[in-house]
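A.B. asks: Below is a structure I'd like to ask you about.
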Amino acid sequence: MNEVFDKESWANRKQQDRESAFAIVDDALKKMSTDTDVFQTYLDVQSRFERYSVSNALLVASQKPEATNLADANTWRGKGGFIRKGQTGILLMEPGNSYTRKDGSSAVSINVKRVFDISQTTLFQPQEPATNQDIRLLLNAMVRYAPCKVDFRDTLPGDQSALYSPQEKTVFVRRGQSMEDTFRGVAKELAHAYMDTGSYNRDENAFLARCVGNIICQRNGIDGNPLSVQQLPQKYAAMEPKAIREDLKSIRIAANQISADMFRFMDARNHGTKQRDDAR
């Protein structure tokens, strides 16, 4: 016998999930002002879930930071998998219907759904194959469409691996270092170039650029530990959660711009390779 759908009970559960999701995000933002581990966990999640908003990355980081592949129960069922007994869904936000506020302005409602990581299902979780990264190719991809020049020097102040100059709109790179160090340095300093919209203060944005570099390294299989969060800016302890969220948005936007430009380079290269192969 089919159960009768209880619309009121369903609506109450949805409202509870909405309130829980917002509370999780607010709590995470408060912890990020003083806890380096919480901040780094967020960066780890954002590196794996590029398309996720700041709020959703915070939700994953707070509920299941080791997640790698998320979908709702119906999606997993369509792939032949089922949610394992006792598993709890991960709350995520998604845009709902648009509406007009009392003051006449437009807004979009927020819906909350529950998703599950592949590790919570009966599906086999494939291991990522070990690959040898062509770091030189990745570097070319990173700088090809960069919004600034890239120039090599024999030495840099403080023996830095790379350095962005807002005045010269150039990332200077030190010669004679390992490819991994070069990639990390360019990723971090290139973040400054993407965030530089005029009257740019490099020192004020050094922490954000470091975070962007960490994400870019993780996304491309380069050791990002040298760029991990070791210490938070002192100003964070007094910052409101809303201000910290704005910094997280800046990190996400810059990281995704770099990733998009790298994909653009790789996609054009792959298409060119395929065309040459087809012509043979």
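A.B. asks: Considering every residue within the range 178-191, establish whether at least one is surrounded by fewer than 24 Cβ atoms within 10 Å (Cβ to Cβ), among the hydroxyl-bearing types (Ser, Thr, Tyr) and touching a strand residue (DSSP E or B) at 6+ places or on another chain (Cβ under 7 Å).
C.D. replies: yes
A.B. asks: Additional query: Could you please let me know if ALA23 is closer than 29 Å to ALA260 by Cβ and either open to solvent by less than 100 Å² (accessible area, probe 1.4 Å) or not in a helix (DSSP H, G or I) (or both)?
C.D. replies: no
A.B. asks: Restricting attention to the range 97-106, does a residue exist that is touching a strand residue (DSSP E or B) at 6+ places or on another chain (Cβ under 9 Å), part of a helix (DSSP H, G or I), open to solvent by 60 Å² or more (accessible area, probe 1.4 Å) and among the charged types (D, E, K, R)?
C.D. replies: Initial filter on the range 97-106 (touching a strand residue (DSSP E or B) at 6+ places or on another chain (Cβ under 9 Å)): 97-101, 106.
Add one more test, that the residue is part of a helix (DSSP H, G or I), and what stays is none.
No, there is no match, as no residue in the range 97-106 is touching a strand residue (DSSP E or B) at 6+ places or on another chain (Cβ under 9 Å), part of a helix (DSSP H, G or I), open to solvent by 60 Å² or more (accessible area, probe 1.4 Å) and among the charged types (D, E, K, R).
A.B. asks: Does the range 192-211 hold any residues that are under 17 Å from ALA141 (Cα atoms) and open to solvent by 30 Å² or more (accessible area, probe 1.4 Å), and which are they?
C.D. replies: Correct list: TYR194 only.
A.B. asks: Identify, please: which residue in the range 63-80 is open to solvent by 50 Å² or more (accessible area, probe 1.4 Å) and under 15 Å from the mean Cα position of the chain (by Cα) and is, among those, nearest to ILE118 (Cα to Cα)?
C.D. replies: So the residue we want is ASN69.
A.B. asks: Which one of LYS30, LYS85 is part of a loop (DSSP other than H, G, I, E, B), charged (D, E, K, R), out of contact with any strand residue (DSSP E or B) (no Cβ under 6 Å at 6 or more places or on another chain) and over 20 Å from ALA255 (Cβ atoms)?
C.D. replies: LYS85
A.B. asks: Would you confirm whether or not the range 131-141 contains a residue that is part of a loop (DSSP other than H, G, I, E, B), at pLDDT below 95, open to solvent by less than 100 Å² (accessible area, probe 1.4 Å) and under 30 Å from ILE83 (Cα atoms)?
C.D. replies: no
Residues checked against (1) open to solvent by 60 Å² or more (accessible area, probe 1.4 Å); (2) more than 15 Å from the chain's Cα centre (by Cα); (3) β-branched (Val, Ile, Thr):
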residue: GLN46; (1), (2), (3): no, no, no
residue: PHE49; (1), (2), (3): no, no, no
residue: VAL60; (1), (2), (3): no, no, yes
residue: MET93; (1), (2), (3): no, yes, no
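A.B. asks: Is there any pair with a first residue in the range 11-38 that is free of Cβ contacts under 8 Å to residues at least 40 places away in the same chain and under 13 Å from LEU59 (Cβ atoms) and a second that is surrounded by fewer than 16 Cβ atoms within 10 Å (Cβ to Cβ) and of a type in the set (Val, Ile, Thr) whose Cβ atoms are under 9 Å apart and which are 6 or more apart or on different chains, and what are they?
C.D. replies: Note: pairs meeting the criteria are PHE22/ILE110.
A.B. asks: Considering each residue of the range 227-242, count those that are within 21 Å of the chain's Cα centre (by Cα) and open to solvent by 70 Å² or more (accessible area, probe 1.4 Å), and give that number.
C.D. replies: So the count comes out to 3.
A.B. asks: If I go through the range 144-171 residue by residue, how many of them are in contact with a helix residue (DSSP H, G or I) (Cβ under 7 Å, 6 or more places away or on another chain), not in a loop (DSSP other than H, G, I, E, B) and not small (Gly, Ala, Ser)?
C.D. replies: Going through the range 144-171 one residue at a time, the tally reaches 5.
A.B. asks: Would you confirm whether any residue within the range 128-141 is over 25 Å from ALA268 (Cβ atoms) and within 21 Å of the chain's Cα centre (by Cα)?
C.D. replies: Yes: one or more hits.
The values are calculated or read from the model by the stated rules, or taken from the named source; none is laboratory data. Just so you know, these numbers come straight off a predicted model, no measurement behind them. Reconstructed Cβ throughout: ideal geometry from the backbone, glycine too, with neighbour counts over all protein chains shown. Heads up: the accessible areas ignore ligands, DNA and RNA and are worked out on the full protein's heavy atoms, side chains in. Shrake-Rupley method; radii C 1.70, N 1.55, O 1.52, S 1.80 Å.
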